[in-house]
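S.K.: Below you'll find the structure I mean.
Any read-out appearing in this document is the output of simple, stated calculations on the displayed coordinates, not a laboratory observation. These numbers were taken from a predicted model, which means no experiment stands behind them. Here the Cβ positions follow ideal geometry from the backbone for every residue, glycine too, while neighbour counts run over all protein chains shown.
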Amino acid sequence: MNTLTETNVRLFASANSWIEGEALRQLYAAAQLEGVRLAAGFPDLHPTKGSPVGAAFVTEGVIYPHLIGGDVGCGMALFIGDHDLVLRWAKANRALIARRFVEALGAEAECLWDGCHNSITRRGSDGEAVWVHRKGAVAAEGEPVVIPGSRGALSYLVKPIGDGASHGWSLAHGAGRKWARSETRLRMRERFGRKQLTQTPLGGRVICEPRELLYEEAPAAYKNIEDVVKDLVDAGLVSVIATFRPLLTYKTRSPRR
């Protein structure tokens, strides 16, 4: 737990949050890039093409767009001005989706928190300017943040604590994938029918008409969120404020004609 393996590589995970060897290889490879001061891996760490998801990288004097991939705002542009525009666009889209959802319910609501998981931000550290690259990591600047589980698990509201610089002012962005999407599709087809995946063990409903997407994001494809959050608590990074039970997961419906 909270393992300091090299001067600029930190892994905040226990054996319960199993992490693939390829994800660790990618984390170490990124740490060797010029100007990287810290590579922080969280319990949701898993490999993708190039660099791992569930990590934060702090650099000095250099920006590496490939470290955050193409899903900027997850909400990649090649340059920082385009990057910031993409972040604003992603935030506006999230707000629009939320507004339409609230209107469909005939209710009123206000935004209490908005989280971005893939981004590059500039901040000061010990009198110097550094760049924080987050890929599958949420900003932790002292205010409470949400760490979601799968659609079949609880989500957690947590408060960041301790020294933010030690973990790149970042936290895990969720449970993290246990299986790749392609592998999940094969596994789920063999074990579950469509109707079984539209109801969750916690009593929630899932609206997702594309069959492949329904399989790809099945709860079994993700790590145990309880283990992920416990690792963060044990590492002294967060304290738990509350949990949320998902009642409805809405992905997409086919166009109505």
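S.K.: Check which residues have an amide H placed less than 5 Å from Tyr250's amide H, if you skip close sequence neighbours.
M.R.: It is Ile207, by chain and number.
S.K.: Using the Cα atoms as the points, what is the convex hull volume per residue of region 3-252 in Å³?
M.R.: Details: hull volume 33.5 nm³, N = 250.
Convex hull volume per residue, Cα atoms: 134 Å³.
S.K.: Taking the Cα centre of the chain as origin, work out the dipole magnitude from +1 charges on Lys and Arg Cβ and -1 charges on Asp and Glu Cβ, in debye rounded to 20. Can you show the working numbers first?
M.R.: Details: 33 positive and 28 negative charges, 299 e Å.
Charge dipole, the chain, about its Cα centre: 1440 debye, nearest 20.
S.K.: Sticking with this one: Once Lys and Arg get +1 and Asp and Glu get -1 on their Cβ, which of Gly174, Asn16, Ala104 lies farthest toward the positive end of the dipole of the chain?
M.R.: Projecting each Cα onto the dipole axis, the largest value belongs to Ala104.
S.K.: Starting from the 7 Å offset along Cα-to-Cβ, what nm value, one decimal, do you get for the label separation of Ala98 and Lys195?
M.R.: Label-label distance for Ala98 and Lys195, simple model: 3.7 nm.
S.K.: What is the ratio of the Cα radius of gyration of region 113-156 to 2.2 N^0.38 Å, with N the residue count, to two decimals? The partial results should precede the final answer.
M.R.: Values: Rg = 13.2 Å, N = 44, 2.2 N^0.38 = 9.3 Å.
Ratio of Cα Rg to 2.2 N^0.38 Å: 1.43.
S.K.: Quick check on packing: order 52-61, 103-112, 12-21 by the mean number of other C-beta atoms within 10 Å, highest mean leading.
M.R.: Details: 52-61: 24.4, 103-112: 8.6, 12-21: 17.8.
Listed from highest to lowest mean packing, they are 52-61, 12-21, 103-112.
S.K.: For region 139-144, take each phi angle, set θ = phi - 60°, evaluate the Karplus expression 6.51 cos²θ - 1.76 cosθ + 1.60, and give the result in whole Hz per residue in order, putting x for glycine and proline.
M.R.: Using θ = phi - 60°, the values come out as 5, 10, 10, x, 7, x Hz.
S.K.: If the reach is capped at under 13 angstrom between alpha carbons, list the aspartates and glutamates near Lys251, excluding any in the same chain fewer than eight residues apart.
M.R.: List returned: Glu209, Glu212, Glu216, Glu217.
S.K.: Considering only Met188, Gly152, Val229, whose Cα is most displaced toward the positive end of the charge dipole of region 3-252, charges sitting on Cβ of Lys, Arg (+1) and Asp, Glu (-1)?
M.R.: Selected residue: Met188.
S.K.: Taking the Cα-to-Cβ direction at Thr243 and at Asp163 and moving 7 Å from each Cα, how far apart do the two end points lie in nm?
M.R.: About 3.2 nm, to one decimal.
S.K.: Find which of Gly164, Leu202, Trp89 sits farthest along the positive direction of the dipole of region 3-252, computed with +1 on the beta-carbon of Lys and Arg, -1 on that of Asp and Glu, about the Cα centre.
M.R.: The residue sitting most towards the positive pole is Leu202.
S.K.: So how far apart, in nm, are the two label points at Arg25 and Lys49 if each is 7 Å from Cα heading toward Cβ?
M.R.: The two pseudo-label positions are separated by 1.7 nm.
S.K.: When Lys and Arg each count +1 and Asp and Glu each count -1, what net charge do the other residues less than 14 Å away from Arg88, Cβ to Cβ, add up to? If you can, show how the numbers build up before the last one.
M.R.: Details: positive: Lys91, Arg94; negative: Asp82, Asp84, Asp114.
Neighbourhood net charge equals -1.
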